[in-house]
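Below is one structure, written out as structure tokens, with a few remarks after it.
Just so it is clear, none of the values below were taken in a lab; they were calculated from the coordinates. Small disclaimer: the values here were computed from a predicted structure and weren't measured. Backbone-built Cβ (ideal geometry, glycine too); neighbour counts: all protein chains shown.
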Amino acid sequence: MRAAGRPDNAVTWIDRAVAAGRISSYGGGNEYWLSPDFVAATYKALGRIDDALAALRADFVRQPSVENYRVLLDFAAGVDRSKTEHAWALEHAEQLASDRFAAGALLVQLLMSDGDMEAAWQAADRYGPGWAWKELAVRGADTRPVEAADLYRPGLEKDLRYPDSKLYPDVAERLATMAELYEKGGRSADFASFMAQIRQDYRKRPALMKALDARRL
């Protein structure tokens with residue numbers, strides 16, 4: 001419509017789409033869904049900053065992710081609203097974490113994307129790291145090696161619950177990673193005790209013992 005010289009009609013159309021919730025960063029940019037970036041840019045050009053931010057907030061609420069978080073913050077930085085939008089997004093992510101069992105993954109990821117690893121660890125301790133555990137373990141290995149190593153434990157317990165020789169090479173690989181992290185943290189003796197217990201508990205699984213021997217664990 002704007003290309004046809006009817007900008008007012010185009011804005012009305014955008015307003016209606018926003019009111020109907022037909023904006024999305026996934027599948028946007030067609031006649032049924034509008035891209036939040038397009039909506040925000042249009043509103044910004046019209047001086048409607050609050051409406052632009054509201055559209056980006058709505059997309060983050062609908063599809064919370066690091067990508068949509070960064071889009072919101074990048075836009076906010078251009079209109080001098082970074083502090084407000086940053087606080088709002090983290091508050092929303094924390095609300096999601098507190099409302100759902102072990103749903104701290106999003107909050108942990110957002111804080112890591114900010115470069116605030118200490119806050120990310122605190123969020124993981126409080127709400128659980130969820131699916132963000134591996135990224136936290138990798139990025140936190142230098143500053144909190146033992147805590148990073150312990151993030152591997154739940155997955156190991158799950159994979160060792162029932163015999164499955166196909167999993168054992170990867171189990172041994174993860175245990176080797178844990179060994180390195182415990183050594184980095186000055187707690188090799190604690191890991192040795194942990195490994196001794198694993199060997200005791202699963203001594204009747206020769207394929208597992210073979211995989212552990214191959215990694216000298």
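Tabulated data for the structure shown
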read-out	value
Descending semi-axes in whole angstrom, ellipsoid equivalent of region 134-217, from the Cα gyration tensor	22, 14, 10
Chain lengthening between ASN9 and GLN122 when straightened (0.36 nm per residue, less Cα-Cα)	35.8 nm
Rounded to whole Hz, the Karplus (6.51, -1.76, 1.60) HN-Hα couplings of region 78-84, x for glycine and proline	x, 10, 6, 10, 4, 4, 5
Ordering of 66-79, 105-118, 192-205 by burial proxy (mean other Cβ atoms within 10 Å per residue, highest first)	105-118, 66-79, 192-205
Sites THR143 and ALA214, calculated FRET efficiency, Cβ-Cβ separation with R0 41 Å, nearest 0.05	0.85
Interchain or long-range residues, amide H under 5 Å from LEU34's placed H	ILE23, SER24, GLY29
Lysine pair number, Cα distance threshold 26 Å (strictly under), the chain, separation 8 or more or different chains	12
Local net charge near TYR43, Cβ-Cβ under 12 Å (Lys/Arg +1, Asp/Glu -1)	-2
Karplus-derived 3J(HN,Hα), 6.51/-1.76/1.60, for each residue of region 92-98, Hz, glycine and proline x	5, 5, 5, 5, 4, 5, 6
Helical contribution to [θ] at 222 nm, DSSP H n ≥ 4, -39,500 (n - 2.57), averaged over the chain, rounded to 500	-21000 deg cm²/dmol
FRET efficiency, 1/(1 + (r/R0)^6) with R0 25 Å, evaluated for LYS184 and SER65 via beta carbons	0.20
Karplus 3J(HN,Hα) series, Hz, for region 122-134 with 6.51 cos²θ - 1.76 cosθ + 1.60 (x for Gly, Pro)	4, 5, 5, 5, 7, 10, x, x, x, 6, 8, 4, 5
For log10 I(q)/I(0) by the Debye sum over Cα atoms at q = 0.08, 0.13, 0.14, 0.17 Å⁻¹, calculated from these coordinates, the label among [x] -0.27, -0.76, -0.90, -1.41; [y] -0.45, -0.81, -0.88, -1.09; [z] -0.28, -0.76, -0.88, -1.26	[y]
SER193 versus ALA77: modelled label distance in nm, points set 7 Å from Cα along the beta carbon direction	4.7
